[in-house]
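The values are calculated or read from the model by the stated rules, or taken from the named source; none is laboratory data. The structure displayed is predicted, hence computed values, not measured ones. Please note: Cβ atoms are built from the backbone with ideal geometry, for glycine as well, and neighbour counts cover all protein chains shown. In case anyone asks, the SASA skips ligands and DNA or RNA and just uses the protein heavy atoms, side chains included. Shrake-Rupley method; radii C 1.70, N 1.55, O 1.52, S 1.80 Å.
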Amino acid sequence: MRIYQAETYQAMSRRAANIISAQVIYKPDCVLGLATGGTPVGTYQQLVEWFQKGDLSFAEVRSVNLDEYLGLSPHHEQSYRYFMQTNLFDHIDIKPENTHVLNGLAKDPAVECAAYNKLIRDLGGIDLQLLGMGRNGHIAFNEPGDDFGLETHLVSLTENTIEANARFFASRDEVPRHALSMGIKNIMNARRILIVVNGEEKAEAVYQAFCGPVTKQVPASVLQLHPDVTLVGDKAALHKLAEAGETVCG
């Protein structure tokens, strides 16, 4: 595992964008696994900037997103499809038909999940998976206690996750209680994993995930078992790793 510490959120975002852009340049038709949430926004902004300068093209890239709220249409302002369009897809040259997000309006979630697993296989697997991490150590919507062997599945969101996401909705009552999410197995099958974290509120989860035991109670801890993981974070999020003696690069 490689750990990079940045002084600021902007510097963290630039470092993460560098890793993604290197993947795209190395393999123009790569499959990118993409994440939503507040943390990767800066990374996407940097990628857009480089595209607009002519330094990068996504014309051949295929993408698969980690998750989507169940019950939200692609046009809902809090859907993850809408997030990806407004933060990345609408501003680069990726082909719309090459962007894939789970359907939050699927009539049969089990059928939608099975089709998504097949899609990932048909694409040849994920070359680079971008991840964020929740304050309870969740990755995608894989919550504490979820089985590491799961593929894409229907998730009942925990109270912690509902509370964390309430700031994006008009009220807590509007936050969906279920989501469709890639499972840990999908994530661990990616050839490379890039995880981005920022803020003091993530420091304990980062410490438990990468200095503690591999346990279902901290889903991100399973990343210790992956052969190619890069963690990029700001000083606030990574300080407990440094204090524990982990090798952290600047």
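Computing the accessible area with a 1.4 Å probe over protein heavy atoms, can you report the carbon and sulfur percentage for the range 170-250? Roughly 48 percent of what the probe reaches on the range 170-250 is carbon or sulfur. For the pair L225 and N117, the difference between a 0.36 nm per residue extended length and the Cα-Cα distance amounts to 36.7 nm. Annotation for the range 72-123: trypsin sites (Lys or Arg not before Pro) lying in DSSP loop with at most 12 further Cβ atoms inside 10 Å of their Cβ are K107.
For the chain, the solvent-accessible area with a 1.4 angstrom probe is 44 square angstrom per residue. Sorting 168-176, 226-234 by average packing, meaning the other beta carbons within 10 Å per residue, from highest down gives 226-234, 168-176. The eigenvalues of the Cα gyration tensor, multiplied by 5 and square-rooted, give the range 2-243 an equivalent ellipsoid with semi-axes of 23, 23, 18 Å from largest to smallest. Counting lysine pairs in the chain whose alpha carbons fall under 27 angstrom apart, excluding pairs fewer than 8 residues apart on the same chain, gives 18. With contacts taken as Cα pairs under 8 Å and at least 6 residues apart, the chain reaches a relative contact order of 25 percent.
Here the range 121-200 was treated as a single set of alpha-carbon atoms; its pair distances binned every 5 Å from 0 give 3, 14, 23, 24, 18, 12, 6, 2, 0 percent. Note on E201 and D93: their simple-model spin labels are 3.9 nm apart, each label 7 Å out from Cα toward Cβ.
Computed over the chain with a Gaussian network model linking Cα atoms closer than 10 Å, the most mobile of D67, D55, D147 is D55.
Panel note: the C-alpha atoms of the range 1-98, placed on their principal axes, show extents of 37, 29, 27 Å (largest first). Calculate the spin-label point distance for T86 paired with E7, positioning each point 7 Å from the Cα along the beta-carbon direction, and give it in nanometres. Result: 3.3 nm between the two label points.
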